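Read the figures in this text as sums done on the coordinates, not as results from a lab. Please read all numbers here as calculations on a predicted model, not as lab measurements. Heads up, the Cβs are rebuilt from the backbone with ideal geometry, glycines too, and the neighbour counts pull from every protein chain shown.
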Amino acid sequence: MSIKSLLQVILVLLIVIIIGGIYYVYFYSNPLTPVSKNENTLANIEDNKVNQNLLDENEILDNQIHKKTSDISINDTKKIKDINNDNKKLTQETKEVEDELMNSKFVKKKKLENLSKDIEYISTNRNGDIFKIIAKYGKTNIKNNNILDLESVSGVISSNNRSDIFLNSEKAKYNYDNQDTTFFGNVEINYDDKNIKCDNFDLNIKDNIAVAYSNVIITDKDSYMKAQMITLNILTKDININSDKKIKIITN
C-alpha cells in the first residue's frame, strides 16, 4: 500500500472517531445528566418527605408527651395541693387536740392542786352554839374565793341547852366570811325524833335560822308531812311552814 492510501485510511478513521465522539457526547452523555439530576431531585424529594414525616411524627409525639406531661403535672399538682390541704387540716386538728389535751391536763392539774381531803371547819354563834362541818373533799370556788365547794358532807350543831342537830348531804357550799352554808343533793336533817329530807338546806348559823326547800318531807313517830318550804329555828327547833301549795299531813 502506498503512503497516500495509508494516509487516506488514517484520515477516514479519525473522521469516524471524531463523529463517533461527537455523537456520544451529545446523544449519550448529555441525556444522562438530566436523568441523573432528576433522580437526585426525586431522591431529595423523597428524603425531604421522609424527613418532614419524621418531623411531623416527632412533633405529634412531642405534643402528646407534652399533653400527657401537662395532664400528669396538673393531676400531680392537684394531688399535691389536696395532700397539702389534708396535711394542713390534720396539723390543725392535731394542734387543736393537743391544745385541748394541754388545757384538760392544766385544768385537771389545777383541780388536783386546789383539791383538799378530809376537811373540818368549826364555828360558833353569839349564843355559844357550835357548828362543825366535815367533808371528804373540798376546793375553793373558781368564781368566788370566799366560797369552799364541799363533797360528801356531814355536820353537827351542838348546844348546851338542847340536843344536837345532825346534817348530811352530797354537796355543800361553805362561806368563809359569815360561815353560812348551803347544803344540796339528798339533804337529810335529824334531831330528837324528827327526820327532814329535802333537795336544798340553807343554814345561817349567826341568826340561828335554817331554810329547807324543794321536796321537803318531815317525818316523826306520829306524822308524815310534805311541804314546799319550811323554816327551822335552831334554838327552839320550831318549824314554820312556808308553802303556797297544799300541805299533806298524815298522822298515826
Study note, to complete from the structure: Two pseudo-spin positions, 7 Å from Cα along C-beta at Glu151 and at Asn215, lie apart in nanometres by 2.0 nm
Review point. What is the Rg over Rh value, at two decimals, for segment 117-251, using alpha-carbon atoms and the Kirkwood definition of Rh?
Key: 0.97
Exercise for review: List, in the order given, every pair from Lys132/Lys226; Lys197/Lys237; Lys143/Lys171; Lys117/Lys171; Lys117/Lys197 whose Cα-Cα distance in the structure shown is over 22 Å.
Suggested key: Lys132/Lys226; Lys117/Lys197
Exercise for review: Calculate the spin-label point distance for Lys226 paired with Ser158, positioning each point 7 Å from the Cα along the beta-carbon direction, and give it in nanometres.
Suggested key: 3.8 nm
Study note, to complete from the structure: Fewest-first ordering of Ile239, Ile19, Ile3, Ile133 by Cβ atoms within 10 Å yields Ile3, Ile19, Ile239, Ile133
Review point. Using 7 Å Cα-to-Cβ label points, what is the Leu13/Ser116 separation (nm, one decimal)?
Key: 15.3 nm
